[in-house]
Amino acid sequence: MGIDVPVVNAPMGGAAGGRLAAAVSRAGGLGMVGMGSAGTAEQLDAELRGVDGLDRPFGIGLVHWVVEARPGLLDRALAAGPALLSVSFGEDWPWVRRAHEAGVLAATQVGTVAAAMRAVDAGVDVLVARGAEGGGHGEPRVGTLALLTDLLDRVEVPVLAAGGIASGRGLAAVLAAGASAAWVGTAFAACPEATTQPAARGAMMAAEGDQTALTRTFDIDSGYPWPEHLPERVLTDGAGRPTPVNAGQGVGMVTAAEPAAELIARLCADAEELLRRWA
């Protein structure tokens, strides 16, 4: 897709807007604009202004059940001409054909080998092996490394690794295993270019990796129809109760609000040093 470094920012609803996507793409990665549970075509239009005039590839990430409820969202996404369209957390695949007809590569997040095989059979071009460590919504059944390595031995399409990757060592590990790139969420959510609320950003920088939990509480309270098998991983407070701040188990490695370009440069430099040492 013409990117320079194997880093993709996860299309996190409420964090990954156009400004973050543009910063990631300009730094050589693949910036993703994300629409979450409450995403609309109008909101996507607003965020896409952040990538106007961008001379680098970018992507868009959508939630399957939201696309089904708001068909205009997929129309707007494809009209924007992304290099990659990710639609996750569903089992209907007509969107793949529509992406291909628009000349756009199709990606989806998977949490099991069975889900990955169904996606490949449907024509998906890129798989995101989303391990149980990941923040936000997902199927928390298999850890990142176990899922990634199993998929790499079974499929021919590129596989990106997601879940718990927040350092150069983590990036080096998944690349050494054979991932085509890392799909990084929590570390980018703390960047100043993200649309993360200041209080949530501060909570992430103060948290340790064991201060997360899986919950459906906030989805139920908000009336979002997330399936029961797709809870979200969030930060916990001092008493161990879930808070409405999405974060993965790599959050303990997020200690500063680095600009996206600086974060990418650090991750890649550290990963390259380790890979050369191991070689």
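Here, each number is a calculation from the coordinates, and none is a lab measurement. Given the structure is predicted, the values throughout are model-derived calculations rather than measurements. Please note: Cβ atoms are built from the backbone with ideal geometry, for glycine as well, and neighbour counts cover all protein chains shown.
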Grab the other residues whose beta carbon is less than 13 angstrom from that of VAL159, score K and R as +1, D and E as -1, and report the net.
-2
Approximate spin-label separation ARG241-THR40, in nm, with each point projected 7 Å along Cα-to-Cβ
3.2
Enter the per residue convex hull volume of the chain, computed from alpha-carbon coordinates, in Å³ rounded to the nearest integer.
117
Between region 187-234 and region 127-145, the alpha-carbon center distance in angstrom:
14
Could you sort the peptides 239-250, 213-224 by per-residue average Cβ neighbour count (10 Å cutoff), highest mean leading?
239-250, 213-224
So for region 6-108, taking the charge dipole from beta-carbon charges (+1 Lys/Arg, -1 Asp/Glu), which of GLY29, LEU44, GLY81 sits furthest toward the positive end?
GLY29
Where a ≥ b ≥ c are the square roots of the eigenvalues of the C-alpha gyration tensor, would you call region 135-230 rounded, which needs a/c under 1.5, or, failing that, prolate if a/b is larger than b/c, or oblate?
oblate
Placing unit charges on C-beta atoms (Lys and Arg positive, Asp and Glu negative, everything else neutral), compute the dipole magnitude of region 169-263 about its Cα centre in debye, rounded to 20.
120
If you line up the Cα atoms of region 82-146 on their principal axes, what length do they span on each, largest first, in Å?
34, 22, 17
If every Lys and Arg gets +1 and every Asp and Glu gets -1 at its Cβ, then about the Cα centre region 29-129 yields a dipole, in debye to the nearest 20, of 100
In whole angstrom, largest first, the equivalent ellipsoid semi-axes that the Cα gyration tensor gives for region 185-267 are 24, 14, 11
Toy charge model, Lys and Arg Cβ at +1, Asp and Glu Cβ at -1: the chain dipole around Cα centroid in debye, rounded to 20, equals 240
Sorted largest first, the Cα spans of region 1-85 on the principal axes come out in Å as 36, 21, 19
Selection from LEU62, GLY90, ALA271, by position along the positive dipole direction of the chain (Cβ)
ALA271
Inverse mean reciprocal Cα-Cα distance (Kirkwood Rh) of region 3-52, Å
10.7
Signed unit charges on C-beta, dipole axis of region 129-279, positive-most listed residue ALA187, GLY135, LEU171
LEU171
Alpha-carbon Rg/Rh ratio, for region 58-184, with Rh computed the Kirkwood way:
0.96
Just need the Rg to Rh number for region 221-279, please, alpha carbons only, Kirkwood Rh.
1.15
